[in-house]
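Just below is one structure, and these are the notes that go with it.
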Amino acid sequence: MSNFILRYSIIKKNCIFTEDIEEILGQPCIRCPQHKYVISIETGESFYRPVEVVHEEERGRIRRKVVLLDWKSKGICQRTHELKVENGKVYVKLNDSTEELASDKYAFL
């Protein structure tokens, strides 16, 4: 695994991920069990599924049905950093981008 490099989001320390990585729009993502945010571990992009409320008439009564729509992106919201595992040690190369991201406001709480 000497050449293994993975881009991974650095998330606030009290967000513990115990769920599987899931693929959303071709990207490996994690879902925060506390906040339910879905974040790509490669790009930091945030995804969500909008809903549509459909009104149907059934036996003279209006019934509301919630329909899940296709995944959408909120754009890049989480800073990512390169990880490298070499000889059993993990090395992190911090992203030095100065572009402000939505998650930055929580970095120093």
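So the values come out like this:
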| read-out | value |
| --- | --- |
| Residue satisfying all of: in the range 51-83; out of contact with any Pro (no Cβ under 9 Å at 6 or more places or on another chain), part of a strand (DSSP E or B) and of a type in the set (A, V, I, L, M, F, W, C); nearest to I24 (Cα to Cα) among these | I76 |
| Enumeration of residues in the range 27-68 that are within 11 Å of the chain's Cα centre (by Cα) and among the basic types (K, R) | R31, K36 |
| Check on E23, assigned to a loop (DSSP other than H, G, I, E, B) and either of a type in the set (S, T, Y) or on the phi < 0 side of the Ramachandran plot (or both) | no |
| Options L94, L68: the member that is modelled with pLDDT of 90 or more, in contact with an Asp or Glu (Cβ under 9 Å, 6 or more places away or on another chain) and not hydroxyl-bearing (S, T, Y) | L68 |
| Breaking point among (1) within 17 Å of the chain's Cα centre (by Cα); (2) surrounded by 13 or more Cβ atoms within 10 Å (Cβ to Cβ), for D104 | (2) |
| Selection count, the range 28-49, where residues are closer than 19 Å to K105 by Cβ and of a type in the set (D, E) | 1 |
| Residue, surrounded by the fewest Cβ atoms within 10 Å (Cβ to Cβ), within the range 50-95, restricted to residues that are within 27 Å of A107 (Cα to Cα) and of a type in the set (K, R) | K89 |
| Residue in the range 84-95 that is outside any loop (DSSP other than H, G, I, E, B), more than 24 Å from Q27 (Cβ to Cβ), free of Cβ contacts under 8 Å to residues at least 60 places away in the same chain and not basic (K, R) present | no |
| Which listed residue, of I16, I5, is modelled with pLDDT under 90 and in a loop (DSSP other than H, G, I, E, B) | I16 |
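The values are calculated or read from the model by the stated rules, or taken from the named source; none is laboratory data. Quantities reported herein were computed from a predicted structural model and do not represent experimental measurements. Here the Cβ is made from the backbone with ideal geometry for all residues, glycine too, and neighbour counts use every protein chain on show.
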